[in-house]
Amino acid sequence: MTQDSRNNASRNDAANDRPLQVACPQCRKSVEWISDNPYRPFCSQRCRLIDLGAWADESHRIVGEPAMDEADLDALIDKLERGGDNR
C-alpha cells in the first residue's frame, strides 16, 4: 500500500466516523442521524408534532387510486357472486 492510498483510506475512515447529516423534513435544519436523537429525522418534538398534525388533517397524503364508493363495491360483489360474467 502506498502512502497516498493510506492517506486516502485514513480520510475515508474519518468521514465514515461522522454521523450522517440530514435535513429536518419540517424546517430543513441540519440534523445528525444518531440513535441519541429520539425525534430523527426531525430536529425537535415540535417539528415532529407539526408533521404528525399535517398527516392527521390530511394535508399530507400518499397518492393512490381513488377509493370505491359503496355502489361500485356492491356492483363488483354482485359480479363476482355471478361468477364474473355479465348475465
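The values are calculated or read from the model by the stated rules, or taken from the named source; none is laboratory data. Quick caveat: nothing in here was measured; it's all calculated off a predicted structure. Neighbour counts run over all protein chains shown; Cβ positions are idealised from the backbone, glycine included. The protein model used for the area step is the full one, side chains on, heavy atoms only, and it has no ligands, DNA or RNA in it. Shrake-Rupley method; radii C 1.70, N 1.55, O 1.52, S 1.80 Å.
For the range 71-87, filtered to residues that are surrounded by 10 or more Cβ atoms within 10 Å (Cβ to Cβ) and either closer than 30 Å to LEU20 by Cβ or of a type in the set (D, E, K, R) (or both), the residue that is nearest to the chain's Cα centre (by Cα) is ASP72.
Scanning the range 58-70 for residues that are open to solvent by less than 100 Å² (accessible area, probe 1.4 Å) and either at pLDDT 95 or above or within 22 Å of ARG28 (Cβ to Cβ) (or both) yields SER59, HIS60. For the range 36-57, the condition holds for at least one residue, the condition being that it is of a type in the set (A, V, I, L, M, F, W, C), modelled with pLDDT of 90 or more and in contact with a strand residue (DSSP E or B) (Cβ under 6 Å, 6 or more places away or on another chain). Residues that are assigned to a loop (DSSP other than H, G, I, E, B) and either open to solvent by 70 Å² or more (accessible area, probe 1.4 Å) or more than 18 Å from GLY53 (Cβ to Cβ) (or both) within the range 25-35 comprise GLN26, ARG28, LYS29, TRP33, ILE34, SER35, listed in sequence order.
Reported count of residues in the range 36-56, each being in a loop (DSSP other than H, G, I, E, B) and open to solvent by less than 100 Å² (accessible area, probe 1.4 Å), is 8.
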